[in-house]
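Read the figures in this text as sums done on the coordinates, not as results from a lab. Keep in mind the model is a prediction, meaning the values are calculated, not measured. Every residue, glycine among them, receives a Cβ derived from its backbone with ideal geometry; neighbour counts consider all protein chains shown.
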């Protein structure tokens with residue numbers, strides 16, 4: 001009997017393992033289907049545009065009136081047919097205010113040329129009179145832009161005139177058909193223009209960078225030629241690179257194009273602006289570049305895929321305390337403190353946390369991790385995004401507070417991919433009387449309220465001093481007021497948005513009646529809190545830049561006076577976990 005029971009238990013365990021394995025395989029298969037299969041609405045869109053193009057080809061301009069008829073297949077809900085001529089004149093559009101006008105200079109919120117891009121997608125390659133173009137555009141009746149993928153065709157009417165007929169779908173995903181279209185267009189550009197095409201691939205306002213997808217190019221030895229998301233890796237041989245699962249990614253891509261011509265490869269790779277890896281699948285093919293061949297590819301990240309996430313153990317308050325203690329030591333000992341600061345394993349130098357010391361004119365006098373940098377001028381130092389972090393460091397030293405945070409992209413020691421580094425800095429006076437700047441930074445630091453209060457306080461000081469003249473600096477995406485997915489916004493007390501680097505389409509518009517998905521009156525609440533208490537933390541649901549689904553956001557706001565004008569200044573960060581309803585009510589900051 002005992003033997004039979006044991007057998008039953010073993011059989012049950014085996015069955016359970018089989019079921020679990022099948023479940024994992026099914027989930028993996030379903031997840032991969034999300035990125036490798038063209039969605040039904042995308043197929044329907046392509047069919048719609050092809051039918052509309054055929055109507056124009058056979059009936060010509062007489063088809064335009066049909067496209068304008070609401071409730072037909074040509075105009076239903078968010079979806080509609082538009083028609084352009086090749087000079088950029090809008091002939092058919094959902095918005096009658098756009099019809100009959102030349103829209104060639106129309107751009108999205110990221111300065112991406114919409115009409116020029118659509119025309120280019122269907123006219124650049126003579127043998128390819130159709131294509132996709134991706135840009136950000138508001139949903140009809142909506143206030144915020146969303147990613148829109150438009151499919152268009154070049155067609156000649158019986159009159160002999162040429163038109164661009166298209167329609168779009170709002171989504172955040174990059175589908176297989178989008179990626180293959182982008183790669184094929186990139187190959188055509190390389191074979192027609194050679195290395196001159198590389199600049200097109202790097203252009204953030206061009207058609208080869210969309211959502212989180214971008215074109216990459218390697219030679220057949222594994223040397224990277226173009227990598228817009230991580231330009232620090234260009235001209236480096238990455239043939240030996242292995243992802244977090246041990247896969248030799250670049251070698252497998254090269255093998256794929258050499259043996260099969262083209263295909264899809266799955267691997268782990270960071271998203272642009274991140275250093276942690278996410279599951280990705282890329283389409284790779286080959287192009288002729290002069291007398292040699294190169295590998296060309298683009299990829300898509302799996303939605304909701306697990307990441308090999310690394311979160312810093314040191315918190316922002318920990319780092320502030322460390323830098324202030326180091327500053328106190330320097331005020332007493334000056335350069336004599338440097339030997340202690342260099343000792344690895346000490347409180348001053350632990351793992352990737354260490355001190356740097358600069359003079360107020362930008363000369364590095366101390367660098368615990370890399371002494372070879374000492375004595376060098378760092379005033380003009382910039383990160384891979386072009387953010388002048390050297391200049392930002394010195395501005396902190398010159399500020400009235402004499403301390404603050406600077407956020408920039410920098411590779412971890414020994415790492416390939418730049419990641420966000422948050423450095424706290426403090427002005428310090430040596431016994432000699434000479435002023436210096438001491439700082440320490442952490443990679444992948446968890447977003448903290450102290451970052452937000454710091455950036456808002458600095459924006460308030462700038463506005464108090466310069467008024468509206470400060471707005472251009474607040475909008476600068478390479479400046480200190482925009483980092484990670486955080487940015488500063490400015491409102492009038494009556495709710496008019498004056499500055500919004502993350503959603504510039506809101507500028508000049510009233511947001512006083514805007515509500516989130518929970519019905520919370522967003523601007524009305526934070527303006528009331530700031531006007532009453534001077535400063536406050538509030539919580540509501542809002543959209544990350546470039547995303548269409550709202551996320552919970554905690555926002556810090558302050559009232560500031562510049563002359564006789566009052567402004568409301570704020571910034572916030574998105575939180576992953578749900579918060580209680582009590583946190584959704586305005587509260588005074590502590």
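For every helix of n ≥ 4 consecutive DSSP H residues, a contribution of -39,500 (n - 2.57) applies; sum these over the chain, divide by its total residues, and give [θ] at 222 nm rounded to the nearest 500 deg cm²/dmol. Don't skip to the end; give the middle numbers.
Working: 13 runs with 173 residues, N = 590.
My calculation for the chain gives -9500 deg cm²/dmol from helical runs alone.
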> Between residue 398 and residue 464, what length comes free when the chain is fully extended (0.36 nm per residue of separation minus the Cα-Cα distance, one decimal in nm)?
Replying inline: 22.1 nm
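Given contacts defined as C-alpha pairs under 8 Å and at least six residues apart, what's the relative contact order of the chain, whole-number percent?
Numbers: 1178 pairs, mean separation 47.4, N = 590.
That works out to 8 percent.
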> For the stretch 452-588, what relative contact order do you get, as a whole percent, if you take Cα pairs closer than 8 Å and at least 6 residues apart?
Replying inline: 25 percent
> When each pair of different Cα atoms in the stretch 452-588 is counted once in the 1/r mean, what is the Kirkwood radius in angstroms, to one decimal?
Replying inline: 14.8 Å
> Quick one: if you stick a label point 7 Å off each Cα along the C-beta vector at residue 382 and residue 195, how many nm between them?
Replying inline: 2.1 nm
> Say R0 is 25 Å: what FRET efficiency, to the nearest 0.05, do residue 361 and residue 478 get from their beta-carbon distance?
Replying inline: 0.70
> How far is helix 316-333 tilted, in degrees, relative to the longest principal axis of the Cα atoms in the chain, given as a value from 0 to 90 rounded to the nearest 10?
Replying inline: 40 degrees
> In nm, to one decimal, how far is the modelled label at residue 533 from the one at residue 350, with both set 7 Å along Cα→Cβ?
Replying inline: 3.3 nm
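Stokes-Einstein D for the stretch 34-172 at 10 °C, 1.306 mPa s, Kirkwood Rh over Cα pairs, in µm²/s?
Estimated diffusion coefficient is 105 µm²/s.
In terms of the Cα gyration tensor, with a ≥ b ≥ c the square roots of its eigenvalues, is the stretch 133-236 rounded because a/c is under 1.5, prolate because a/b exceeds b/c, or oblate? Write out the running numbers ahead of the final one.
Details: a/c = 2.73, a/b = 1.44, b/c = 1.90.
Verdict is oblate for the stretch 133-236.
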> Taking one equal scatterer on every alpha-carbon of the chain, how large is log10 of I(q)/I(0) by Debye at q = 0.05 1/Å?
Replying inline: -0.28
>> If I model a spin label at residue 328 and residue 66 as a point 7 Å from the Cα along the Cα→Cβ vector, what separation in nanometres do I get?
In response: 8.1 nm
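Would you work out if the stretch 376-500 is rounded, prolate or oblate? Take a ≥ b ≥ c from the square roots of the eigenvalues of the alpha-carbon gyration tensor; rounded if a/c is under 1.5, else prolate when a/b is larger than b/c, oblate otherwise.
On the way: a/c = 1.96, a/b = 1.29, b/c = 1.53.
Judged from the Cα gyration tensor, the stretch 376-500 comes out oblate (a/c at least 1.5, b/c at or above a/b).
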> Based on the alpha-carbon gyration tensor of the stretch 425-482 and its eigenvalue square roots a ≥ b ≥ c, which shape applies: rounded if a/c is under 1.5, prolate if not and a/b is larger than b/c, or oblate?
Replying inline: oblate
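How much length is gained if the chain between residue 336 and residue 509 is pulled fully straight, taking 0.36 nm per residue apart and subtracting their Cα-Cα distance, in nm to one decimal?
On the way: separation 173, 0.36 × 173 = 62.28 nm, distance 5.66 nm.
Fully extending the segment from residue 336 to residue 509 adds 56.6 nm.
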> Mind checking the angle between helix 249-260 and the chain's longest principal axis? C-alpha axes, 0 to 90 degrees, to the nearest 10.
Replying inline: 20 degrees
>> Output the 0 to 90 degree angle, nearest 10, between the alpha-carbon long axis of helix 522-533 and the longest principal axis computed from the alpha carbons of the chain.
In response: 20 degrees
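Just need the relative contact order of the stretch 34-172 here, percent rounded to a whole number, with Cα pairs under 8 Å and 6+ apart. Can you show the working numbers first?
Values: 260 pairs, mean separation 34.0, N = 139.
Computed value for the stretch 34-172: 24 percent relative contact order.
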